[in-house]
Every structure is written in structure tokens, then in C-alpha cells.
């Protein structure tokens with residue numbers, strides 16, 4: 001009896017349901033507002049961030065912090081995977097990979113960007129900045145705006161300028177105090193016309209090697225010396241392969257954080273804003289801590305006993321600037337009047 005009642009109940013429910021669907025009230029769909037800025041917010045995005053330095057350098061630490069902040073600000077919907085130490089690509093190969101969307105974020109040294117866009121050679125003029133305050137003014141001011149506008153012509157979107165520190169000169173042959181002391185030395189430099197010509201003007205022998213080849217070419221004596229920041233000199237062990245270091249602050253080594261412009265603008269606007277917000281926070285942190293990190297590395301190098309260190313004086317810097325004046329004469333024309341006027345204005349302040 002119970003079975004019969006159950007079967008009849010199911011039949012009754014089925015009949016009523018069919019009647020309601022076929023002949024019942026048809027509820028009109030409510031109009032739904034479409035917010036283009038919210039589209040894609042239920043999709044997870046994976047961004048690959050490639051760079052060529054160690055994780056314990058200013059850039060390496062900043063990249064890791066950026067990834068963590070983006071994850072927090074997007075509730076995990078945007079994940080940034082960081083690949084340090086050229087695990088994926090060497091510096092120049094990163095540009096092509098970025099344009100193919102094989103990777104999504106890079107932070108090349110400013111010198112590396114100059115290979116693509118010659119206006120960026122302005123950042124490789126010798127002694128163009130006297131201190132960190134001038135660097136910050138350049139990054140945050142008209143010089144930074146002009147550089148990001150220029151790189152936009154190549155389909156790249158500039159997100160931030162990251163600090164690292166001033167470059168120092170190391171070598172394995174002799175102390176370098178006067179410009180004449182560098183004559184004849186072979187020196188590894190980054191692929192920048194201005195850097196190559198800087199050493200040619202001094203009658204040295206510039207050699208191009210990727211960053212991750214530097215330790216080997218120093219240890220085997222393929223080159224006599226190199227220039228780099230204190231954090232890189234220490235973290236990569238260059239100081240163990242050299243006998244002399246000149247603390248000269250002759251060039252600034254910073255980074256440009258870049259994304260493929262088309263890819264960046266396909267991201268939901270909320271995620272774009274979260275990425276920029278995270279980047280701004282990291283950039284401020286890095287600005288405050290990069291000098292602290294480099295000072296700590298200098299302390300460790302000093303106490304290692306590996307190097308004889310010379311600290312360049314202001315009077316010596318004047319001599320070096322005069323010796324390197326031909327670099328300004330040549331590259332001022334290539335860089336262009338607009339950028340050079342901003343440099344002169346900054347130096348005048």
C-alpha cells in the first residue's frame with residue numbers, strides 16, 4: 001500500500017511540475033547591469049615574472065614581496081610566479097619572451113632597455129647622478145615620464161622604476177684611482193653603447209657577457225674586471241675573484257619593471273589596479289631599503305679581507321668627469337634635446 005502511495009505522489013508532483021513549466025506563470029528575467037570592470041574577476045590569472053639576479057638582492061627581494069602583495073590584494077585570483085637567476089631567460093632574451101607572452105613581467109637593468117630604445121642611454125651617462133635623491137627625482141619626474149612614453153612605442157607598459165644602487169669598479173690587476181689606471185684593462189659591461197664607449201674613451205677593453213657569465217669570466221681571467229652594485233658584487237661572489245675595488249658611484253644601476261602593454265590591458269581593471277597598488281608599495285619599500293642592503297654588503301666586503309678598497313674623492317670625481325666628457329658630447333645628440341634638457345635641469349638643482 002505504501003508503495004502505491006509513493007508512486008502516486010511522484011506522479012502528482014510530475015504532473016504539477018509539467019503544468020507549471022508548460023502553462024504556468026512565465027517569470028520575466030530581470031535586467032542585469034553589466035560592469036565591464038568586473039568581467040574576468042572570477043578567472044584566475046597566472047603571471048610569470050622573470051629576472052636574472054639572486055633572490056637575496058634588492059630586486060630579488062622586491063620581486064618576491066610583489067608576488068605576495070598581488071596574491072593578497074586579489075584574494076589569490078592573480079598569482080605571480082617569480083623565476084630568479086635567469087632560470088627562464090637571459091636579460092636580452094626576456095624582451096622577446098615578454099612580447100610573445102611567454103612571460104608577463106620583467107625587470108631589466110636600465111642599460112638592457114637601452115638596447116631596444118636608445119633614449120634610455122641617458123641613464124648610462126657617467127656620473128649623471130650624484131646621489132640617491134637625484135635618482136629618485138629622475139624616476140619620479142619628467143625624465144621617468146619621457147622614458148616610459150618612449151618604451152610604449154615598442155608595445156611595452158612601464159609599471160615602475162626599481163632602485164638597486166650605484167656601480168663600483170673591481171679588477172684583478174691594480175688599484176684604479178686615476179683615469180689612466182684603467183688603461184689596457186679588459187672590463188665586462190652590460191650591452192649599452194654608452195657603457196662600451198665609456199671604457200673605450202679610457203683606453204680600456206670593454207667586453208660583453210651576460211650577467212650569469214660574470215663569475216666565470218672573472219674566475220678564469222677572461223676579463224680583468226667589472227662594474228656592478230655592492231649587492232651584486234657580494235651576492236654573486238664577484239668580490240672573491242677580484243683584488244681591487246674602487247667605490248666610485250660612477251653609474252646608477254636601476255631597473256624598469258615592464259609588462260606587455262596589450263596583455264596588461266586585457267586584465268580586469270580591478271586586477272590592473274591591484275597590480276599597480278602592490279607595485280607602488282614595493283617600490284617605496286625598495287627605495288628605503290636598497291641603500292641599507294648595499295651598505296650592509298659593503299660592510300661584509302670590507303670585513304672579508306678579499307679586496308683592497310679605494311674610496312673615490314670629490315676632487316678625483318671631477319677628473320673622471322672631465323675625462324669622460326666625450327660621452328656626453330656623443331650621446332647627447334642620440335638621446336635628444338628634451339631628455340638632455342631635463343638632465344641639465346636636474347643637475348642644476
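The values are calculated or read from the model by the stated rules, or taken from the named source; none is laboratory data. Model, not experiment: these values are computed from the prediction. All Cβ positions, even for glycine, are placed from backbone atoms using ideal geometry, and neighbour counts span all protein chains on display.
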- So how many residues does the range 86-110 have that are touching a residue at least 60 places away in the same chain (Cβ under 8 Å), surrounded by 17 or more Cβ atoms within 10 Å (Cβ to Cβ) and in a loop (DSSP other than H, G, I, E, B)? 4
- Task: Residues that are under 22 Å from the mean Cα position of the chain (by Cα) and closer than 16 Å to residue 122 by Cβ: find the strands (runs of 3 or more DSSP E) completely inside the range 143-208 holding 1 or more of those.
- Result: 156-171
- Message: Of everything in the range 66-85, what is modelled with pLDDT of 95 or more and buried (at least 17 other Cβ atoms within 10 Å of the Cβ)? Give them in sequence order.
- Response: 66, 67, 69, 70, 73, 74, 77, 78, 80, 82
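Being assigned to a strand (DSSP E or B) and surrounded by fewer than 22 Cβ atoms within 10 Å (Cβ to Cβ) is the filter here, so list the residues in the range 45-65 that pass it. Quick ask: steps written out before the conclusion?
Within the range 45-65, the first condition is being assigned to a strand (DSSP E or B), and the residues that meet it are 45-50.
Listed by number, the residues that qualify are 45, 46, 47, 48.
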- Could you check, for the range 117-134, whether at least one of its residues is touching a strand residue (DSSP E or B) at 6+ places or on another chain (Cβ under 8 Å), surrounded by fewer than 16 Cβ atoms within 10 Å (Cβ to Cβ) and not in a helix (DSSP H, G or I)? no
- Test residue 39 against the criterion of being modelled with pLDDT of 95 or more, out of contact with any helix residue (DSSP H, G or I) (no Cβ under 7 Å at 6 or more places or on another chain), surrounded by 10 or more Cβ atoms within 10 Å (Cβ to Cβ) and over 27 Å from residue 154 (Cα atoms), and give yes or no. no
- Among helices (runs of 4 or more DSSP H) lying entirely in the range 245-349, which contain 3 or more residues that are surrounded by 13 or more Cβ atoms within 10 Å (Cβ to Cβ), touching a residue at least 12 places away in the same chain (Cβ under 8 Å) and within 25 Å of the chain's Cα centre (by Cα)? 261-266, 269-304, 325-335, 337-348
- Considering only residues of the range 212-237 that are out of contact with any helix residue (DSSP H, G or I) (no Cβ under 6 Å at 6 or more places or on another chain) and part of a helix (DSSP H, G or I), which is surrounded by the fewest Cβ atoms within 10 Å (Cβ to Cβ)? 216
